[in-house]
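The values are calculated or read from the model by the stated rules, or taken from the named source; none is laboratory data. Just so it is clear, the structure is predicted and the values come from calculations on it, not from any experiment. Here Cβ is always computed from backbone atoms with ideal geometry, including for glycine, and neighbour counts include all displayed protein chains.
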Amino acid sequence: MDIVSSILSALLFIAFVPGVLVTLPSKTASRRTIILVHGLLFAVVTSLVMRYYWVNIKGYLEKFGNFGPVCPNGFVEQGNECVATGGPTYNPGAGSVPTPTETSA
């Protein structure tokens with residue numbers, strides 16, 4: 001995590017502490033209700049802000065896969081998935097595995 005996302009998280013946490021900016025639903029509600037509402041708002045707003053920061057500002061989109069940075073032998077990368085080709089895509093006896101830039105062509 002970089003310093004900007006840490007600062008964003010801290011600022012959002014401070015903003016959603018009950019009574020700092022606003023108290024929702026109202027000061028007459030029970031303390032448990034106020035804390036629950038502020039906690040839910042913090043979770044929703046933080047997830048939206050962090051997703052916007054990491055995807056749109058940093059340009060980072062995490063890919064979930066089981067194969068690591070390159071697809072295994074016999075598979076090629078298409079979009080975010082490794083798709084079988086029906087044959088080997090590199091010589092395993094060569095002793096080296098292609099780098100991600102070699103398989104993305």
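Structure values in brief
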| item | result |
| --- | --- |
| Positions within segment 13-41 being surrounded by 12 or more Cβ atoms within 10 Å (Cβ to Cβ), assigned to a helix (DSSP H, G or I) and touching a Pro at 6+ places or on another chain (Cβ under 9 Å), in sequence order | T33, I34, I35, V37, H38 |
| Filtered residues of segment 21-66 (kept if among the β-branched types (V, I, T) and modelled with pLDDT of 90 or more) | T33, I34, I35, V37, V44, V45, T46, V49 |
